[in-house]
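The values are calculated or read from the model by the stated rules, or taken from the named source; none is laboratory data. Just so we're clear, the structure is a prediction, and the values are computed from it rather than from any experiment. So basically every Cβ, Gly included, is an ideal-geometry build from the backbone, and we count neighbours across all protein chains shown. Ligands, DNA and RNA are stripped out before the accessible areas are found, and what is left, the full protein with its side chains, is counted by its heavy atoms. Shrake-Rupley method; radii C 1.70, N 1.55, O 1.52, S 1.80 Å.
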Amino acid sequence: QVQLVESGGGLVQAGGSLSLSCAASGGAFSAYAMGWFRQTPGKDRELVAAINWSAGSIYYPDSVKGRFTISRDNAKNTVVLQMNSLKPEDTAVYYCAARQGHVTYYYSSDYNYWGQGTQVTVSS
């Protein structure tokens, strides 16, 4: 059983940057693929970045490609989402997610474990 705790959300002006961190405990972190999702009221959770166990496979949707960077440190059991050039439409609750497996996974239903979420608000 993996527990995930996000941190680093907050309020930032458009064009600014934020770094979200997800700390994992309770499992063999290197055995897990990780993802960052976001959700706004009334909408489904949207994948913004996914990374496999070794960081050899990374995926971003077009909406964030070139602006967001996902990374992981298996020695520290953490995954980080660096968000640059933020836009008001990036405003959402951001969730860290995990599942066992060695590839990248793209859908929220693929993931077994979720953090509590952290709010990111981008003002115009």
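Descriptive notes on the structure:
- Computed on the stretch 25-88, with alpha-carbon pairs under 8 angstrom and 6+ residues apart, the relative contact order is 25 percent.
- Contour minus Cα-Cα distance for A75 and Q1 (0.36 nm per residue): 24.8 nm
- In terms of the mean number of neighbouring beta-carbon atoms within 10 Å, the peptides 69-76, 91-98 order highest first as 91-98, 69-76.
- The chain, accessible area per residue, ligands and nucleic acids excluded (1.4 Å, Å²): 49 Å²
- In this rough spin-label picture, where each label sits 7 Å from Cα along the Cβ direction, the Q39-S108 distance is 0.4 nm.
- When peptides 102-108, 44-50 are ranked by their average number of other Cβ atoms within 10 Å per residue, the highest-first order is 44-50, 102-108.
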